[in-house]
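Student: Can you keep this structure in mind? I'll have questions shortly.
The values are calculated or read from the model by the stated rules, or taken from the named source; none is laboratory data. Not measured: the values here are computed from a predicted model. With ideal geometry, Cβ positions are generated from the backbone for all residues, glycine too; neighbour counts draw on all protein chains shown. Only protein heavy atoms, including side chains, enter the accessible area calculation; ligands, DNA and RNA are left aside. Shrake-Rupley method; radii C 1.70, N 1.55, O 1.52, S 1.80 Å.
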Amino acid sequence: MSKEVRVRFAPSPTGPLHIGGVRTALYNYLFAKKMGGKFLLRIEDTDQTRFVPGAEEYIQESLAWLGISPDESPWNPGDCGPYRQSERKPSYMQYALDLVEAGHAYYAFDTSEELEAMRERLEAARVVQPQYNNITRTQMKNSLTLSEDEVKAKLAAGEPYVIRVKIPRNEEVRLNDMIRGWVMVHTSTLDDKVLMKSDGMPTYHLANIVDDHLMNITHVIRGEEWLPSAPLHVLLYKYFGWEDTMPEFAHLPLLLKPDGNGKLSKRDGDKLGFPVFPINWENKENGETAAGFREQGYLPDAFLNFLSFLGWNPGDEREIFSLEELIKAFSVERIGKSGTKFDIAKAKWYNEQYLRAKSNPELAEYVISGASADGITILPETAEAIVSLTKERVTFPADLWQECKFVVTSPAEFDEAIASKRWNADAVTVLTAYAELLEGYTGAYDAEKAKAMLGETAEAKEIKLGKVMQAVRLAITGVGVGPDLMEIFAILGTEEVAKRIRFALASLEVIG
RNA sequence: GGUCGGUUCGUCUAGGGGUUAGGACGUAUCCCUUUCACGGAUAAAACACGGGUUCGAUUCCCGUACCGACUACCA
């Protein structure tokens, strides 16, 4: 009988979650759902000095936006609470003491000055790697070098101390990573990491082992930056006697900067020209806003689809996957090993695909709200007409309105570059004649009719329509690019088209 | 520096002892369109390097190079 799969996403609330973290959460979610298990969220707030207000809510909102909300979390607790490490504080010390008792950990009383002095001493002696380990601990103030009475006295006197793990001198630690296979590390390269800090809080290393055990976590899926400390974690499972239920590990490849130098970090922000956060983040300290994908107009499904392909692929040639389909197709075996550069062009492409898949009435809402933000009230029919004109050519919902503003606001000025190239005598001739024609016309007017009439006008003047089309577009919209012009004519109607032509004729200088 | 990890088109990747090394994004060209796009077609574009093993290696092994992570009383 196999146990229920339980995975956790365990961010620390030190600021906004960046997309690497979001991808980790997503893979955890996909794996849990694929296996019919549970996805939990645990807040790792053991560093009280780095706590940032609002970060927890940010995490919650980001996951909710993407539709990958946890089954158990601080806000939706299951049977393994609390889901915030700060609230689990009372339980950790005993575990650390058990380790001391068993000889796998010890008290250390060294002050930060003494630690600094030790590092300097070692550096002076050209020790390449100054660390608190099985050699240097013999020269420090700890329960291994002090007598039992001295230790008791210090403890009784309330002297600050930490508890460090006692890494064995000569052992090989093996770890079978689900993505990387066997990883072996010799304990001589490990240091005696602090397990309990002097403020009474555990470090990540202790807390994550204790909590994963207590919360029945079966698989730890996390970023590659944790791989170097994974052997320590394996050792801790062994010392606690929890080897039988030790979770399996999967260390995800890193998300890299587009230039390939280093992992994508929170600081990269929009200085790289794209967001690195799922949703906007207001920095309360400096009042700055870090851009989020949501606010930039990325659709959650598109973003999720894009993110899922950063380091994973289904093994066939499909590209578009709903969340349901991702769950079905997902497997840890198909996660790659190498770091992944972040390519915003692909994200845009995904967004376009998802945008076009939406219905016109749905998209019309974006146009209506875009217009209303500009103080313009627009009819649903007009909004839908704009949508059908534009949806095939935009990336973001907001573009729908931006690209078609001129439908409801006639141009006040005209693109200089186009005017200087295209506003010639032929254009003026055709446009003047077309305006006259429209002004005397009262029949039906649709895109086809508009085109036919324009064609006839040009033909009558013996001018090729193609030669003057850009100028016609300029007169009507003020710019050189945009949706199908004849469709725009139809939406505008004869009167408005004629009016705009007259205005352009009066405003623009004819070239050469 | 040390430890660990990684390396297939510019990017995301498929593949795997014998393949014309496949797809997608992006780029370019052409077609469609008397406008703008969409769309369609085509093209350029990759197995880091050196040794081994083998009839044969991009694929397996070993080195080298390069890239990255880690190296806190941070996670």
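Student: Quick one: work out the % antiparallel among DSSP beta bridges in chain A, nearest 5. Provide the component values of the computation, followed by the final result.
Tutor: Values: 19 of 35 bridges.
Bridges in chain A are about 55 percent antiparallel.
Student: Round to a whole number: what % of the accessible area of the range A:358-408 belongs to carbon and sulfur, probe 1.4 Å?
Tutor: Here carbon and sulfur together make up 50 percent of the probe-accessible area.
Student: Could you give the length gained by full extension between A:S369 and A:A124, i.e. 0.36 nm per residue of separation minus their alpha carbon distance, to one decimal place?
Tutor: On the way: separation 245, 0.36 × 245 = 88.20 nm, distance 6.65 nm.
My answer for the length gained is 81.5 nm.
Student: Now a separate question. In whole Hz and in residue order, list the ³J(HN,Hα) couplings for the range A:11-19 that follow from phi through the Karplus curve 6.51 cos²θ - 1.76 cosθ + 1.60, θ = phi - 60°; x for Gly and Pro.
Tutor: In residue order, the calculated couplings are x, 10, x, 9, x, x, 6, 9, 4 Hz.
Student: Same structure, new question: Could you give the radius of gyration (one decimal) and Dmax (whole number) of the Cα atoms in the range A:358-408, in Å?
Tutor: Answer for the range A:358-408, Rg first and Dmax second: 9.2, 26 Å.
Student: Under a point-charge model restricted to the Cβ atoms of Lys and Arg (+1) and Asp and Glu (-1), what is the dipole moment magnitude of the range A:266-354 relative to its Cα centre, in debye to the nearest 20? Intermediate results must be reported in sequence, preceding the final value.
Tutor: Values: 12 positive and 15 negative charges, 61 e Å.
Here the range A:266-354 has a charge dipole of around 300 debye.
Student: Further question on the same structure: Compute the accessible area per residue over the range A:416-507, keeping the other protein chains in place, probe 1.4 Å, unit Å². Each step should come with its number before you reach the end.
Tutor: Working: 4590 Å² over 92 residues.
Value returned for the range A:416-507: 50 Å² of accessible area per residue.
Student: Taking amide H positions as placed in the peptide plane 1.01 Å from N, state which residues far from A:K341 in sequence (5 or more) or on other chains have amide H under 5 Å from it.
Tutor: Those qualifying (amide H under 5 Å, at least 5 residues apart or on another chain) are A:L256.
Student: When the accessible area of the range A:69-145 is split by element with a 1.4 Å probe, what percent falls to carbon and sulfur?
Tutor: Working: 2080 of 4240 Å².
Roughly 49 percent of what the probe reaches on the range A:69-145 is carbon or sulfur.
Student: Convert each backbone phi in the range A:83-88 into a coupling constant with the Karplus relation 6.51 cos²θ - 1.76 cosθ + 1.60 (shift: θ = phi - 60°), then list the ³J(HN,Hα) values in order as whole Hz, x for Gly and Pro.
Tutor: 9, 10, 5, 4, 7, 9
Student: If you take all C-alpha pairs in chain A, what percent of them are over 36 Å apart? Show your work: numbers first, answer last.
Tutor: Working: 66004 of 130816 pairs.
That fraction is 50 percent.
Student: With θ set to phi - 60°, apply the Karplus curve 6.51 cos²θ - 1.76 cosθ + 1.60 along the range A:139-150 and write out the HN-Hα couplings as whole Hz, x wherever there is a Gly or Pro.
Tutor: 10, 10, 8, 8, 6, 8, 9, 8, 6, 4, 5, 4
Student: What residues have an amide H closer than 5 Å to that of A:R6, excluding those fewer than 5 places away on the same chain, when H is modeled at 1.01 Å from N in the peptide plane?
Tutor: A:K38, A:T218, A:H219
Student: Considering amide H positions built from the backbone, and no H for Pro or chain starts, which residues 5 or more places from A:N142, or on another chain, come under 5 Å of its amide H?
Tutor: A:F109
Student: Largest first, please: the extent of the C-alpha atoms of the range A:120-192 along each principal axis, to the nearest Å.
Tutor: 49, 31, 19
Student: Please identify the GluC sites (Glu not before Pro) of the range A:281-350 that satisfy two criteria: DSSP loop assignment and at most 15 other Cβ atoms within 10 Å. Which are they? Show your work: numbers first, answer last.
Tutor: Numbers: sites: A:E282, A:E285, A:E288, A:E295, A:E317, A:E319, A:E324, A:E325, A:E333; in loops: A:E285, A:E288, A:E295, A:E317, A:E319.
For GluC sites (Glu not before Pro) across the range A:281-350 that sit outside H, G, I, E and B with at most 15 neighbouring Cβ atoms in 10 Å, the list reads A:E285, A:E288, A:E295, A:E317, A:E319.
Student: Which percent of the accessible area of the range A:266-354 is formed by carbon and sulfur heavy atoms (probe 1.4 angstrom)? Could you put the intermediate results ahead of the total?
Tutor: Working: 2060 of 4590 Å².
Carbon plus sulfur share of accessible area: 45 percent.
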